[in-house]
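The values are calculated or read from the model by the stated rules, or taken from the named source; none is laboratory data. Keep in mind the model is a prediction, meaning the values are calculated, not measured. For neighbour counting, all protein chains shown are included, and Cβ atoms are generated from backbone atoms with ideal geometry for every residue, glycine included.
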Amino acid sequence: MKLSRRRFLEVSSKGTMCLGLGSPFLMPQHVSAQDKNIPSGKGLDHLEFQEPQEEPELLKEAMFYTPLDELRVQCNLCPWECAVADQERGTCGVRENRQGKYYTLVHSRPCAAHVDPIEKKPLFHYLPGSLAFSIATAGCNIECKFCQNWDIAQVRPEQVKSYYLPPEGVMDIALRYECQTIAYTYSEPVVFYEYVYDSAQHARQSGIGNVIISNGFIKKAPLVELCQYLTGVKIDLKAFTEKFYREICRGQLQPVLNTLETLRDLGIWYEIVVLIVPTLNDNRQEIQDMSHWIYQELGSQVPVHFSRFHPMYKINNLPPTPVKTIEMARNIALETGLQYVYVGNLVGHPGESTYCPGCGKRIIHRIGYHIESVELDETGHCQHCQYQIPGVWSAKQLTL
């Protein structure tokens, strides 16, 4: 399937590009056509997609599972550790047991693809102003009642339009559109683990970075295995209580904290995002406890983003988060000792920018997803006082 330049412009002008409507791209709800940041002349006029192949050609055996008796299997990818009977699927809905072998149903089957600024992920200490080729498949292993992309994350593969794009094709598109990074995002990369793993291997061989935008609900062994091909991770820390995770996200907090500690130990670059939802996780004491844990266990230099909630999915009875609440959370984290604390979904707020802990000067000026200026050298040193700012600042850091 080929998307002509004329068709691309027609679809872009409508603000949505949707696989399910016959175009090879789905633009998730929080992505606007004006945000694409595709350089002039870099349209999608040469992109070609195919319909998914018939089974079993597209099936790929899953990684990280254990065969059990009576043709059952146990999945060892995420903390649910699903025991799955023959012809059944795990909690994620995208991994299926077929006669004692576990298969992923979404390998090479993206339902969403887009060129984004890396700031949209958000990753603020990672190649500022660069582009990321962003892809997703159907599925997730938890269910947040405020999910932004519920129409792809909270469905099974057969419920959303997808196209065939193998790992080498992912790499080719990233190269074609001068994307320094591939981002596995929008839904949950953990559930399309094998697709991420294979695509990341191909990309790193060509000097392209790989980042996952994840809920962090993954077991240690697969996380460690995948991180050898990743150059960055963004973790959504939903809240700091098991009650919130259990009742609002159908998940668990402790495995996410374990993931953050593993990322710390591995030395890979990672950032944390906390969506502040009014009355549910905006308690001052909870934010203090969270900030203290991050400072004590992860250190002062991990970037933390406090983002503003807007009514979405199953939570439509709450208002957007007050700006003062986001500012309160940021101030608490800064007072705790965290050095890089940001606000999200507040375009133009000073808290979008990066300030040097050494001299206090603004060294990365952001307005929304736009970079006004960067006053760092390629090794991440402040141009004013030479203070070392942690992060991924050069393409050299993407090479294996």
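If you go through segment 388-400 and keep only what is surrounded by fewer than 17 Cβ atoms within 10 Å (Cβ to Cβ) and within 22 Å of Ile272 (Cβ to Cβ), you end up with Gln388, Pro390. Condition check for Leu230 on (1) closer than 15 Å to Glu261 by Cα; (2) assigned to a loop (DSSP other than H, G, I, E, B): one failure, at (1). State which residue pairs qualify: first residue farther than 25 Å from Asp151 by Cα and inside segment 173-189, second residue modelled with pLDDT under 95 and buried (at least 24 other Cβ atoms within 10 Å of the Cβ) in any location, beta carbons under 9 Å apart, and separation of 6 or more residues or different chains. Between residues of segment 173-189 that are farther than 25 Å from Asp151 by Cα and residues that are modelled with pLDDT under 95 and buried (at least 24 other Cβ atoms within 10 Å of the Cβ), the close pairs are Tyr177/Leu44. Of all residues in segment 93-116, those that are in contact (Cβ under 8 Å) with a residue 60 or more places away in the chain and closer than 18 Å to Glu188 by Cβ have Cβ atoms under 6 Å from Cβ atoms of residues that are assigned to a loop (DSSP other than H, G, I, E, B) and of a type in the set (Lys, Arg), 6 or more apart or on another chain, in Gly93/Arg156.
Residues that are more than 25 Å from the chain's Cα centre (by Cα) and in the same structural domain as Lys234 (by TED's automatic domain parsing) number at least 1 in the following strands (runs of 3 or more DSSP E) confined to segment 304-400: 362-367.
Let's see how each residue does on (1) outside the structural domain of Tyr342 (by TED's automatic domain parsing); (2) without any contact (Cβ under 8 Å) to a residue 40 or more places away in the chain; (3) crowded, with 16+ Cβ neighbours inside 10 Å:
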site: Lys234; (1), (2), (3): no, no, yes
site: Arg250; (1), (2), (3): no, no, no
site: Glu261; (1), (2), (3): no, yes, no
site: Trp269; (1), (2), (3): no, no, yes
site: Leu275; (1), (2), (3): no, no, yes
site: Asn281; (1), (2), (3): no, no, yes
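Scanning segment 198-215 for residues that are more than 10 Å from the chain's Cα centre (by Cα) and either acidic (Asp, Glu) or crowded, with 20+ Cβ neighbours inside 10 Å (or both) gives Asp198, Ser199, Ala200, His202, Ala203, Arg204, Ile208, Gly209, Asn210.
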